[in-house]
Each structure stands twice: as structure tokens, then as C-alpha cells.
Amino acid sequence: MAAAQAAESATFVPWTRGERPPFKLDDLDRQAVALEARPGQLVLVHFFATWCEPCRDELASLRRLVERTDPARLRVVAISVAEVDARVRSFIEKVPVNFPILLDRDRAVARSWEVSALPTSFILDARLQPRLFIERDYDWDKLDVAALSISLSRLSPAANHVATVQSNQRLEDSQ
């Protein structure tokens, strides 16, 4: 109950630390997947680990987000941090998802993206630049992708606007 209440009050904050390096990681089928493969849409990059209880719960919420969202509007990519491939495969067999799971075996991508806690998620704009992030679990059932898209299109990357996403509000930007 406390975890659910905490997730409901979770807030995204603007990313102000500049560009993040592109990455290419293997998926569970050992196929290399590059972040730059499909620019032109919003991308949600989600860092997680199977041992992290809030991360495990959040994957189901992300699956539902993908089910209800037009794939031309938003792409979700989850990155397992510092885990053995077999463990991640076994977990995903029990908790199936409808988005790519990438393997950051040596934490190189997590470090280069300044991930210091799991779960951590980034919202990237259509140019694949980080715009918002959150360093905790989030209830993705509450995300209004259309409002998010509109709000991000109004913000310039260099602007110092504060953009937040709260569970019972649409995305708003305040100046």
C-alpha cells in the first residue's frame, strides 16, 4: 500500500544535464539494438533489475502503457542493469512484456546515463534527447501520452521550464 501511494505521488523532473550518449545493447535474442534506430517519436528508456521489487511491478504497468499507446507515438525500451542474461530471460518468461529488454551487462550505459538508482526512467523527445526523468517507480497507467507529447513539443531543449507528471493530473508545464 505504501509503495502504491509513493508511486502515485512520483514526479518527473526536467533533465538539464545535457545529451546522453547513444547506445547499442543486445536484446534477449542477442540481437544488437541501437537507440538511434527509430528517431521521430517519443522514447521511454527504463532502467531496471529483476531483483528490484518496484522494478518488477513497474514492468506490468509499462506493458499496459504499450498496449494502450499508438506505437508511432511512443516507444518503450527497458534496460536490465548488471544482470546475467539467463536470469533476465527466466524472469521475462514469467513476466512477459511487449517491448524490448536490453542487457547492460557491465553497467556501462547506466553509468554513462548517470543512473544512480533503480528504477530510473527517461522520456526522450523525437530527436532522442532526454527531456524528463524520474529516479523511482511510476504508475505508467496514469501517463497521458498525448498530453506529454504536446507539452514536450512546446518546450525548447534549452528552456528552464519545470515539467511534471503527477498521477491524477495531465502533464503541465510551469514557467
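Nothing in this text is a laboratory measurement; each read-out follows from the coordinates by a stated rule. All of these numbers come straight from a predicted model, not from anything done at the bench. FYI the Cβ positions are ideal-geometry reconstructions off the backbone, even for glycines, and counts take in every protein chain you see.
Where Lys and Arg each count +1 and Asp and Glu each count -1, what net charge lies around THR50 among other residues with Cβ under 9 Å from its Cβ?
Residues close to THR50 contribute a combined charge of +1.
For the stretch 76-162, rounded, prolate or oblate, judged on the Cα gyration tensor with a ≥ b ≥ c (square roots of eigenvalues), a/c < 1.5 rounded, else prolate if a/b > b/c?
prolate
Using 7 Å Cα-to-Cβ label points, what is the GLU67/LYS24 separation (nm, one decimal)?
3.5
Any chance you could tell me what percent of the C-alpha pair distances in the stretch 14-151 go past 28 Å?
8
If I model a spin label as a point 7 Å beyond the Cα along the Cα-Cβ vector, how far apart are those points for ASN98 and THR16 in nm?
3.7
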